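The values are calculated or read from the model by the stated rules, or taken from the named source; none is laboratory data. What you see is a predicted model, and the numbers here were worked out from it, not measured in a lab. Every residue, glycine among them, receives a Cβ derived from its backbone with ideal geometry; neighbour counts consider all protein chains shown.
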Amino acid sequence: MKKHIVAAIAALAFAQAAVAADTLGRIKASKVVNVAFSADSLPFSWSQDKDAPRGYTIDLCKRVIAQISRTVGVPDLQVRWLAGTTPERLQMIANGKADLDCANTSQTLARLAEVDFSALIFLETGGFLGRADTNIHRLSDMTGKKIVVLKGTTTEKALRDALQKRLVNAEVVTVDKPADGMAMLASGDATAFAGDTIKLVGLVVQEKDPAKYALLPDQLSYEAYAIALPRNDSALRLEVNRALSQVYRSGDIGTIYGQWLGPLGKPTDLLTAMYLLYAIPE
């Protein structure tokens, strides 16, 4: 009897996993792929006035979508773009509302408990943006000051950990939108804005007077970006990684990088090595 019960439970679990994992089948049937993105993460993922999103990760995801389209045999696949914050995008993936998360999302072990991830698409560090007219140069200068950070991001956790480790008694203020963080920094309501370094640069270049701001030398964290995917869907993950590998192998990643990140300089040695490591042959 026990063997029959165990077998039944195993069969039920397998059946539930199979249903949950058939993202490609659902895309083929609906002819729609749902893609979560960030509307304010220049140069990775952003849009303006409800325009179609643009950016480094968006270009990579367009190649991924083209691969999915070929795989499911639907040449006119419709893309439904869904804007959201990092926590919102991850929730979209976890609950099946979105099939891909195409932004600047860091892969972490905690997040792997809820979603899966593709091969890495970028390597980044977390840091601080301050005002150029202050005497704040490093984290140790921020005792008694306010530091603003995006809510629910890996940078928020890294910031709180760093403050505790370095015994810096600063106030952490969380916001939902980067624009709110920049507004607090501009008005003096916050001394620094903690975030992914290149994203902070992207925010500065959109300001009327970029010279008013400066990046601080302290680094908070190491961020490994990837495309978040539904858990337990190896078929979808394979097609996503197949597309990314093709981009890396062909050298097209150089064009994509140059368009969106070229003004910041060449890829670091570490990022170049990452592209080579994930240029997986067929």
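Report every pair of residues separated by at least 6 positions or lying on different chains whose Cβ atoms are under 6 Å apart, first residue within segment 258-282 and free of Cβ contacts under 8 Å to residues at least 60 places away in the same chain, second small (Gly, Ala, Ser) and part of a helix (DSSP H, G or I).
Listed by first residue and then by second, the contacts come to ALA279/SER245.
Given the structure, is ALA235 in a helix (DSSP H, G or I), small (Gly, Ala, Ser), at pLDDT below 95 and surrounded by fewer than 20 Cβ atoms within 10 Å (Cβ to Cβ)? If you could, list the steps in order and put the result at the bottom.
Working: in a helix (DSSP H, G or I): yes; small (Gly, Ala, Ser): yes; at pLDDT below 95: no; surrounded by fewer than 20 Cβ atoms within 10 Å (Cβ to Cβ): yes.
Taking the combined requirement at face value, the residue does not satisfy it.
If only one of LEU185, LEU112, LEU163, LEU120 is closer than 24 Å to GLU88 by Cβ, free of Cβ contacts under 8 Å to residues at least 40 places away in the same chain and either surrounded by fewer than 22 Cβ atoms within 10 Å (Cβ to Cβ) or touching a strand residue (DSSP E or B) at 6+ places or on another chain (Cβ under 8 Å) (or both), which one is it?
Within the list LEU185, LEU112, LEU163, LEU120, the selection yields LEU112.
Hey, can you tell me all the residues within segment 90-149 that are outside any strand (DSSP E or B) and of a type in the set (S, T, N, Q)? Reasoning before the result, please.
Residues of segment 90-149 that are outside any strand (DSSP E or B), as a first pass: 90-99, 103-105, 107-115, 132-145.
The answer is GLN91, ASN95, ASN104, THR105, GLN107, THR108, THR134, ASN135, SER140, THR143.
Quick one: how many residues across segment 28-45 are within 10 Å of LEU77 (Cβ to Cβ) and in a loop (DSSP other than H, G, I, E, B)?
Total satisfying the criteria: 1.
Which pairs have Cβ atoms under 9 Å, sit 6 or more apart or on different chains, and link a residue in segment 215-227 that is over 13 Å from PHE193 (Cα atoms) and β-branched (Val, Ile, Thr) to one that is assigned to a strand (DSSP E or B) and at pLDDT 85 or above?
If the second residue must be assigned to a strand (DSSP E or B) and at pLDDT 85 or above, the pairs left are ILE227/LEU100; ILE227/ASP101; ILE227/CYS102; ILE227/PHE117; ILE227/SER118; ILE227/ALA119; ILE227/ILE121.
Take the conditions over 27 Å from GLU171 (Cα atoms), in a helix (DSSP H, G or I), at pLDDT 90 or above and among the acidic types (Asp, Glu) and apply them to GLU282. Does it pass? Talk me through it step by step, then tell me what you get.
Numbers: over 27 Å from GLU171 (Cα atoms): yes; in a helix (DSSP H, G or I): no; at pLDDT 90 or above: yes; among the acidic types (Asp, Glu): yes.
When the stated conditions are applied, GLU282 does not pass them.
Identify, from the list SER45, SER30, the residue that is modelled with pLDDT of 95 or more and surrounded by fewer than 17 Cβ atoms within 10 Å (Cβ to Cβ).
None of the other options fit; the residue is SER30.
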